[in-house]
Amino acid sequence: MLFYFVMQRNQQSQYTPQISDLLQLDKPARYLGGELGSIRKDWNKVDITFALAFPDVYEVGMSHLGSAILYQTLNDVDWIAAERSYAPWPDREEQLLASSTPLTTLESGRSLADFDLVGFSLQYELSCTNVLTMLTLAGIPWHASERSLDDPLIVVGGPCAFNPEPLADFIDCALIGDAEEAVIELCAAVRDSKAAGEDRQELLLRLARIEGIYVPAHFAVDYQNDGRIAGITALNPERPQVRRRVLADLDTAPFPTRPIVPFLTTIHDRVAVEVARGCTRGCRFCQAGYIYRPVRERQPETISNLIAESLRHSGYDEVSLLSLSTGDYTYIESLVQHLMSCYAAQRVAVSLPSLRVGSLTQELMEEIRKVRKTGFTLAPEAGSERLRQVINKGITEQDLIDGAHQAFSLGWRIIKLYFMIGLPTETDEDLDALVDLSARVKRSGKGTEGGGAVNVSASTFVPKAHTPFQWEEQLSIEETVRRQNKLRDALTRKKLKLKWHDARTSFMEGVLARGDRRLGAVLAEAVKQGCRFDGWREHFNWDLWMAAFDSVGLDPQWYLRQRRPSEIFPWEHIDAGVSKDFLLRERQAALLQKETPDCRNGSCSACGLCDFDTVRPRKAQIPLEAKSPVEEVEPEQSKAPQEFCKIRLTLRKSGRTTAISHLEFMTLLHRAVQRAKLPIRFSAGFHPAPRISFGDALPIGVASEVELVDLELTSPQSPAVLLDKLNLEMPEDIRILSAEDWPLKGPSPGASLATATYRVPLPDNRPADLEQRLTEFLAAEKVTTTRLKKNRPTEVDLRPWVETLACDDTALLLTMRSGSPIVLSSYLLDIDPESVRSLEVCKTHVTLKEL
């Protein structure tokens, strides 16, 4: 059992993490803050403070577009200050607990407990434990009934908020549906309540009047002896149900055009623009297709303007057009053609991560490949035609084969196929069809430019609330494993590999997806036992979960059972807009293998959502034209070599940026070059890269006064002007100190470096015989030590690294030909490498080889 306690409140209001502490962590850049695009407001000039708390690690949360939209939406209001916080990785959590430091936001360093509202985005069920962990670390009482006016209002939103019942005991309210308008109304209600001097109960009554706001305390749940729900009673007769909030017009909705650009590489590291919200294809397993209806498209001109602004302010080299089915966007081909005509020459790629097989066209694929071929994923979901009819997928096997062949013919080397196992009515024959279909896709690439590599992925079907399959049974762990093994063996015989989701994590996802309020006690016990980051395989602990269920006396398998049509669901009082009668009709249509057409292009399917006045499908009306025809971009196709030039930069890297890795430093500089609109030269090949050359990697924790970087440009530039332009785009802890012309054929920074000198401040526990150690080191022919390389101990000879060593009362001076100053200092000072990182080591001087 892991140690558990509630963080005590501290009178100190702001906490600045020490870089030396962060350097002891796996990825210190997660906790730095101060990224380009982040917003810090003066708390004395705002009425409401809102902490956007994402219950997963920074890289995941920073990739979530919804959080970015809310961050901008809230901060656009002058009386609201919105800040960000993410679930700390276990190494950082341990630091916080050991030092009694609360969980804070990145912008101001204030504890979450100091905010008026803390809002959690629930993107997947297994993040629930992280919600409680974050409350613990902030010193906020878990249970809503135990919180007072001095505590923040705890709000949840996102897809899992459509069944928030497992968290009902812990939240004050849930925002059901689209948040852009409702979140401002929520903040206004809190502000008005504070001004009126209302108590907590009066505040909750005020909040409940807002459409889309669900207050769990206003509903009582009774259970039958067998655990099924006997009834849900509205304690506020005026609100017997909570109806989902719908944003009527996406085109006029706020959108962040100054995205936060992280120091760390995130899961989706690109400009992401939502081209449409909602999907009416009607895939019967897909919760998003039902809870985000109707289809609302942005106008092409709006999309183009958003992309232009976002690229200008971020420096990203890829644009992702997001929706549940981007290929269904009304003017997708002309939009992509327009974007390619604008950005192909800048090597900005366009990706469409949610293409349907039926929406692929030769012209669309030709456009996407012109800069570089981004990932290509096809999602048939089911292996057989019969099962695809059951789920209303609406694509044929031939559609899939044709789409794959087109992709391979256009040069894509790998196609990912995504399936689900355990769909209603699935049999072993459907699994056999899955294997055959995957093999046919592989064969479709034979003899093409791409070659025909195929990766197969299969997740376990989890029934979700507000879908036609919400009544269905989920596979047991044993049956899931049997089907996974059957697929793996059969695909192996076809020389294909299978990736699958862990059966136990899918089991827990299914329990929480259709769970009731009684699971709150299980969640509390699980967190006390040590459960967190349950969506991460290395942290999910099945035994701890089972111990929590045993402690509470609930059987988790019970939640995976098939439901009767008359059964009351835990989410019965939450109206997602689609009627229960419609969902039952769709369930029956599935059993009859009957198609329900997409209502965006046909007749209304009478799902019950639209009023055809405010809430209705909104399709784009006016297409964009490409500026000029764009051929596939080839680097240097119109440039003579004499037009190229190279400029060498000398930079200072200090402060918080010492906590970013060499790869992250390279990315940071590339994006600054893009924002400065410098004519950088690109390499040829499958993935063109900017011709920016760096010296040897500077270890994390080491500052530098003399980092060398070469920029190869397609046209001559004034070094002085270039220096000024780039410094405008740099974070405050990175400065370009000088810029000079460098021979185009001159050696790279790494090849031109003769020696580098590092200053290493001496720790208090320095060896008494330090000077003797230095003398013996220099006199030796060989000095071996062990270092970790990719987590494996490796013996290394330090002596060839070193030119000279010196020491004074305050510091070591290492003049090195090569190697790591961290490893060398660790040996000389007889301390571990992580302690060396905390000494503020700095590269102070370099000598260059003669040209």
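None of the figures in this text is laboratory data; all of them are computed from the coordinates on show. Just so we're clear, the structure is a prediction, and the values are computed from it rather than from any experiment. Methodologically, a virtual Cβ is constructed for each residue, glycine included, from the backbone with ideal geometry; neighbour enumeration extends over all protein chains shown.
Could you tell me which chymotrypsin sites (Phe, Trp or Tyr not before Pro) in region 46-122 are loop residues by DSSP with no more than 15 other beta carbons within 10 angstrom of their beta carbon?
The qualifying sites are W79.
I'd like the distance between the alpha-carbon centres of region 150-178 and region 313-352, rounded to an integer number of Å.
34 Å
Scan (i) 29.0, 88; (ii) 32.2, 110; (iii) 46.2, 140 for the value of Rg and Dmax of the Cα atoms in Å calculated from this model and give just the label.
The value matching this structure is (i).
Work out, step by step, the length gained on full extension between E429 and K416: first 0.36 nm times the residue separation, then minus their alpha carbon distance; give nm to one decimal.
Computed gain between E429 and K416 is 2.5 nm.
In degrees between 0 and 90, to the nearest 10, how far off the longest principal axis of the chain does helix 90-99 point, with axes built from Cα atoms?
So the inclination is approximately 80 degrees.
Under a crude label model (7 Å from the Cα following the beta-carbon direction), how far is N236 from S748 in nanometres?
It is 6.3 nm.
Please give me the summed charge of the neighbours of A526: other residues whose Cβ is under 13 Å from its Cβ, Lys and Arg +1, Asp and Glu -1.
Taking every Cβ under 13 Å from that of A526, the sum is -3.
What is the packing order of peptides 161-170, 459-468, 576-585, taking the mean over residues of other C-beta atoms within 10 Å and listing the highest first?
Top to bottom by mean Cβ count within 10 Å: 161-170, 459-468, 576-585.
List residues of region 495-527, by number, whose backbone nitrogen lies under 11 Å from a label position 7 Å along Cα→C-beta of A547.
Answer for region 495-527: 526-527.
Quote the FRET efficiency, to the nearest 0.05, computed for Q201 versus R243 with a Förster distance R0 of 25 Å and r equal to the Cβ-Cβ distance.
Working from the Cβ atoms, E equals 0.65.
Between region 191-242 and region 68-147, what is the separation of their alpha carbon centroids in Å?
Region 191-242 and region 68-147 have Cα centres spaced 24 Å from each other.
If you place +1 on the Cβ of every Lys and Arg, -1 on the Cβ of every Asp and Glu, and leave all else neutral, what size is the dipole of the chain about its Cα centre, to the nearest 20 Debye?
Result for the chain is approximately 1920 debye, rounded to the nearest 20.
Pairs K789/K849; K393/K594; K464/K497; K393/K580: which exceed 18 Å Cα-Cα?
K789/K849; K464/K497; K393/K580
If you take the charge dipole of the chain about its Cα centre, with +1 on Lys and Arg Cβ and -1 on Asp and Glu Cβ, which of V156, F682, C128 is farthest toward its positive end?
In the chain, that residue is F682.
For labels at I39 and K486 in the simple 7 Å Cα→Cβ model, what's the distance in nm?
A separation of 5.3 nm, rounded to one decimal place.
Mind checking which lysines have their Cα closer than 19 Å to the Cα of K725? Skip sequence neighbours fewer than 8 apart in that chain.
Output for K725: K646, K653, K677.
Estimate the FRET efficiency between R616 and L584 by the formula 1/(1 + (r/R0)^6), using the beta-carbon distance for r and 22 Å for R0, to the nearest 0.05.
Once the sixth-power term is evaluated, E becomes 0.40.
Helix 397-409 versus the longest principal axis of the chain: what is the Cα-based angle in degrees, 0 to 90, to the nearest 10?
Result, in degrees: 10.
Taking amide H positions as placed 1.01 Å from N in the peptide plane, with prolines and chain starts having none, which residues 5 or more places from I229, or on another chain, fall under 5 Å of its amide H?
Under 5 Å from the amide H of I229: Q224, I568.
Can you compute the FRET efficiency between L663 and E595 using 1/(1 + (r/R0)^6), with r the Cβ-Cβ distance and R0 = 45 Å? Round to the nearest 0.05.
Efficiency at R0 = 45 Å is approximately 0.40.
Against the longest principal axis of the chain, how steep is helix 580-591, in degrees 0 to 90 to the nearest 10, with axes from Cα atoms?
80 degrees
Which is farthest toward the positive dipole end of the chain among S603, L207, V836, measuring Cα position about the Cα centre, with Cβ charges +1 (Lys, Arg) and -1 (Asp, Glu)?
Farthest towards the positive end: S603.
In percent, what relative contact order does the chain have, based on Cα pairs under 8 Å that are 6 or more apart in sequence?
Over the chain, the number comes to 12 percent.
For region 201-259, state which GluC sites (Glu not before Pro) are in a DSSP loop and have at most 16 other beta carbons lying within 10 Å of their beta carbon.
E211, E238
What list of ³J(HN,Hα) values in whole Hz, one per residue of region 463-478 in order, does the Karplus curve 6.51 cos²θ - 1.76 cosθ + 1.60 (θ = phi - 60°) give from phi, with Gly and Pro shown as x?
For region 463-478, the Karplus curve yields x, 10, 4, 6, 10, x, 9, 5, 8, 7, 7, 9, 4, 6, 4, 5 Hz.
Leaving out same-chain residues fewer than 8 places away, which lysines sit with a Cα under 21 Å from that of K499?
Candidates past the 8-residue exclusion: K416, K442, K486.
Mind running the shape call on region 154-216? Use the C-alpha gyration tensor, a ≥ b ≥ c as the square roots of the eigenvalues: rounded below 1.5 for a/c, prolate if a/b tops b/c, oblate otherwise.
Verdict is oblate for region 154-216.
Suppose we keep just the DSSP beta bridges with both residues in the chain; what percent of those would be antiparallel, to 5?
Bridges in the chain are about 55 percent antiparallel.
Using per-residue counts of other Cβ atoms within 10 Å, averaged over each peptide, order 253-263, 487-497 from highest down.
Descending mean neighbour count gives 253-263, 487-497.
Taking a cut-off of 26 Å between Cα atoms, list the lysines near K41, but don't count ones fewer than 8 places away on the same chain.
K194
Can you give the extra length, in nm with one decimal, that the chain gains between A606 and S99 once fully stretched, where that is 0.36 nm per residue apart less the Cα-Cα distance?
Stretched fully, the A606-S99 segment lengthens by 176.7 nm.
Order of 421-434, 403-416 by packing, highest average Cβ count within 10 Å first?
403-416, 421-434
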